[in-house]
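J.: One structure, pasted below without further comment.
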Amino acid sequence: MSISRFVDNNKIRKIDPWVNNLFDDLFRDSFGVVNGAAKYPSVNVAESADAFHVEFAVPGFSKEDFKIAVEHDILTVSAEHKAEKLEDARRYSRKEFSYSSFKRSFTLPEAVDVDKIEASYKDGVLVLSVNKKKQEKVEAKEIAVK
């Protein structure tokens, strides 16, 4: 079954630019897979009235492994994890290394309040709450002609 049955790129492009950026990133490079291995984690994005909620599937990391930064209008999430297992047996040592890392960047929309981005990590899922700026609602306004 073809992905094109589910995804009409022309319709996606008409959605919010924040979502467009995520879709472009997700669908590039055969869903981020190189030689059968994911080069970056899968991401879920949901939008509420007050915020965007971004979930990263990143099992095996600890919260200290993550670096989350905003520079200009670019949100970058990266992590690096190195684990060693040392086992002594007979007259030799055996070491097994495990190394995982990723880096993903997203262009933030103007409606985001950069000072109110929050992150949490639990059960292998990194969750970012990217809060929107409070916008005053204008009920009615009359404009005078000068």
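The values are calculated or read from the model by the stated rules, or taken from the named source; none is laboratory data. In this text the structure is predicted, and so the values were computed from the model without any measurement. A quick note on method: Cβ atoms are made from the backbone with ideal geometry, for glycine too, and the neighbour counts reach across all protein chains shown.
J.: Considering only residues that are assigned to a strand (DSSP E or B), more than 15 Å from Ser105 (Cα to Cα) and at pLDDT 90 or above, which ones fall in the stretch 31-51?
T.: Answer for the stretch 31-51, where residues must be assigned to a strand (DSSP E or B), more than 15 Å from Ser105 (Cα to Cα) and at pLDDT 90 or above: Ala46, Glu47, Ala51.
J.: While we're looking at this one, here's another question. Are there any pairs, at least 6 apart or on different chains, whose C-beta atoms fall under 8 Å, with the first in the stretch 100-124 and on the phi > 0 side of the Ramachandran plot and the second assigned to a strand (DSSP E or B), and if so, which?
T.: Filtered contacts from the stretch 100-124: Gly124/Ala57.
J.: Follow-up. For the stretch 58-86, which positions are more than 11 Å from the chain's Cα centre (by Cα) and either under 22 Å from Lys132 (Cα atoms) or surrounded by 14 or more Cβ atoms within 10 Å (Cβ to Cβ) (or both)?
T.: Phe61, Asp65, Phe66, Lys67, Ala69, Val70, Glu71, His72, Asp73, Ile74, Ala79, His81
J.: Follow-up. Across the stretch 100-128, which residue is nearest to Val77 (Cα to Cα) among those that are among the polar types (S, T, N, Q) and out of contact with any His (no Cβ under 6 Å at 6 or more places or on another chain)?
T.: Ser105
J.: On to the next question. Residue check: is Ser100 surrounded by 10 or more Cβ atoms within 10 Å (Cβ to Cβ) and at pLDDT below 85?
T.: The answer is yes for Ser100.
J.: If you check every pair at least six apart or on different chains, which have Cβ atoms under 8 Å apart with a residue in the stretch 126-137 that is of a type outside the set (A, V, I, L, M) first and a residue that is surrounded by 10 or more Cβ atoms within 10 Å (Cβ to Cβ) and part of a loop (DSSP other than H, G, I, E, B) second?
T.: Asn131/Asp50; Lys132/Asp50; Lys132/Ala111; Lys133/Ala111; Gln135/Ala111
J.: A further question follows. Modelled with pLDDT of 90 or more, out of contact with any Leu (no Cβ under 8 Å at 6 or more places or on another chain) and either surrounded by 11 or more Cβ atoms within 10 Å (Cβ to Cβ) or more than 16 Å from Phe106 (Cβ to Cβ) (or both): is that true of Glu55 in this structure?
T.: In short, no.
J.: Go through the stretch 58-80 residue by residue and tally those that are in a loop (DSSP other than H, G, I, E, B) and at pLDDT 95 or above.
T.: 0
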